[in-house]
Each structure stands twice: as C-alpha cells, then as structure tokens.
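Let me begin by presenting the structure, written as structure tokens, before commenting on it.
Please treat every number below as a calculation from the coordinates, not as lab data. The model shown is predicted, which means the values in this text are computed figures rather than measured ones. Reconstructed Cβ throughout: ideal geometry from the backbone, glycine too, with neighbour counts over all protein chains shown.
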Amino acid sequence: MSESQLHKNERGVIAMKKLSIAAVVTVITLVLIVGMSWGYETQKTADGLTIMITAGRYPLVSGDNALSVKVTDGAGKPVTDAKVTVRFFMPAMPGMAPMSSTTEAVLKGDVYRFTANAAMEGTWKAEVSVAKTGKPPVRATFNLDSR
C-alpha cells in the first residue's frame, strides 16, 4: 500500500470513531430525555366501567399537574356522556390538616381532562366519580406520588 492510501485509511478510521462517538452521545441524550418524561397510567374496573387515569409525567411534581381520565364501558366503548368529577386529596396526617380539592373534568374527544395541584411531596389520592343520568355514580380511587 502506498503512503497516501495509508493516510486515507487512517482518516477513514478517525471519521468512523467520530461518527461512533456522536451516535453514542445521541443515544444517551435520547435515553435521558425519555427517561425524565415517563408518564403513568393505571386503571380500575367498577360497576361495568373501566376508569383509567393518566399522568403525562410521573411522579407528579409539586404544583399543577395535567391529568386525564378515560372511561370505557364493558364493551370497551368510550363513555362520553357522563359527568366526571375528581377529588384530589392527601389524607390527614398527625399534626397536619387534610388537603383536598374537587374539580369537574372537561371532556376533550373521548378523554376527560383536569389539573390537579399537589401542594407538597407525598402520596396523593385521586377519587374519580363517573355519574351518568339516572344511575348512581361509579367511583374509583387511585394513589399518585408527588416528588
């Protein structure tokens, strides 16, 4: 091999090393970004309805958090003709009064959306009440952590 071919091969090896390093940095960056924005989703079934609560980021943060509730019937069809109310609360602890707020979730598409304010870190509860005309409300309670 001539000297110019050797230099060309060395430049190719250096370029491949730089490309490999750039690829590794990109993958690590994507993993970190995705890892910091994991959402949360859980569901419960009560009286023939499946109630699913979703948080875009989890654990919740101290302050306002966008949450959503999807309600489906026994056949898996979205329930969009109900009044969905959410009581977001932290039960009383020794030396501390209970914290609670109630809001009516707003239907957007086939999902009910609401904002919950986690005033402090800890375990909060979201009691979801689904009321359809002429029927008693169906309730499900979910535990949500805030950091």
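Brief remarks on what is shown
- Considering only Cα atoms, the convex hull volume of segment 48-105 works out to 115 Å³ per residue.
- If you bin all the Cα-Cα distances of segment 40-146 at 5 Å, starting from zero, the percentages per bin are 2, 13, 24, 25, 17, 11, 6, 2, 1, 0.
- Pairwise label distance in nanometres, Lys44 with Arg113, each label 7 Å out on the Cα-Cβ vector: 2.5
- Annotation for Thr141 and Met120: the two label points, set 7 Å from Cα along the Cα-Cβ direction, are 2.0 nm apart.
- Among Ile14, Ile53, a tally of other beta-carbon atoms within 10 Å of each Cβ gives an order, fewest to most, of Ile14, Ile53.
- Cross-link partners of Lys132 among lysines, defined as those whose alpha carbon lies under 25 angstrom from its own and excluding same-chain residues fewer than eight positions apart: Lys44, Lys70, Lys77, Lys83, Lys108.
- Relative contact order %, segment 40-146, counting alpha carbon pairs below 8 Å whose residues are six or more apart: 29
- Counting 0.36 nm for each residue step from Ala92 to Lys18 and taking away their Cα separation leaves a gain of 20.9 nm.
- Footprinting exposure proxy ranking of Ser62, Ser20, fewest other C-beta atoms within 10 angstrom first, gives Ser20, Ser62.
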